[in-house]
Amino acid sequence: MKLRNIYRECYGTASIDKMLPSIITKSIWDFFKTQILLKNNSLLSYKHIFDLKLEDNYLVLNYQQESQDFEIRSKTNVKVDKLPLAHHIWIIDNGRSFIMMLPTDY
């Protein structure tokens, strides 16, 4: 298996900038970089799926990959009153960078 370069650029689409508060975007990137890339580098598929939930007014990230039965649930310390309309988020590995997007952006 080829190891991915975890130090590539990370981008978000215009719809991510418009639909997600920056604190949620930052939480997803932080989780992705520290819990997924650094710990599971050789097991990664190209599509990373995040389902955002709300629990006791805290953001919960449910992470899975498209190609494997691999799921992680993480309750963050980010306090939010309500979820944004967009609560399914993808991060795509295009080989040169990571791009955060809504499924409709694909």
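All of the numbers you see were taken from the coordinates with simple rules; none came from a lab. A quick note: this is a predicted structure, and the numbers were derived from the prediction, not measured. All Cβ positions, glycine included, derive from the backbone under ideal geometry; neighbour counts span all protein chains shown.
FRET efficiency for the pair D56 and K33, taken as 1/(1 + (r/R0)^6) with r the Cβ-Cβ distance and R0 = 22 Å, rounds to 0.30.
Restricting the trypsin sites (Lys or Arg not before Pro) of the stretch 48-95 to loop positions (DSSP other than H, G, I, E, B) with no more than 15 neighbouring Cβ atoms within 10 Å leaves K82. For the residues L44, L59, L85, a GNM of the chain with alpha-carbon springs under 10 Å puts the largest fluctuation on L85.
Across the stretch 9-105, the convex hull enclosing all Cα atoms gives 95 Å³ per residue. Spin-label point model (7 Å from Cα, Cβ direction): what's the V80 to I49 distance in nm? Inter-label distance under the simple model: 1.8 nm.
The lysine pair count for the stretch 9-105, using Cα distances under 17 Å and pairs eight or more places apart or on different chains, is 12.
In this Cβ point-charge picture (+1 for Lys and Arg, -1 for Asp and Glu), the chain has a dipole of about 300 debye about its Cα centre.
A DSSP coil position with no more than 14 other Cβ atoms inside 10 Å describes the following GluC sites (Glu not before Pro) in the stretch 52-93: E66. Summing charges over all other residues whose Cβ lies under 13 Å from the Cβ of I24, with Lys and Arg as +1 and Asp and Glu as -1, gives +1. Among 22-35, 93-106, the peptide with the highest mean count of other Cβ atoms within 10 Å heads the list, and the full ranking is 22-35, 93-106. Give the residue from L52, N77, Y63 lying farthest towards the positive end of the charge dipole for the stretch 9-105; charges sit on Cβ (+1 for Lys and Arg, -1 for Asp and Glu) and the dipole is referred to the Cα centre. The Cα lying farthest towards the positive end belongs to N77. Full extension of the chain between I72 and K26 gives 14.8 nm of extra length, using 0.36 nm per residue less the Cα-Cα distance.
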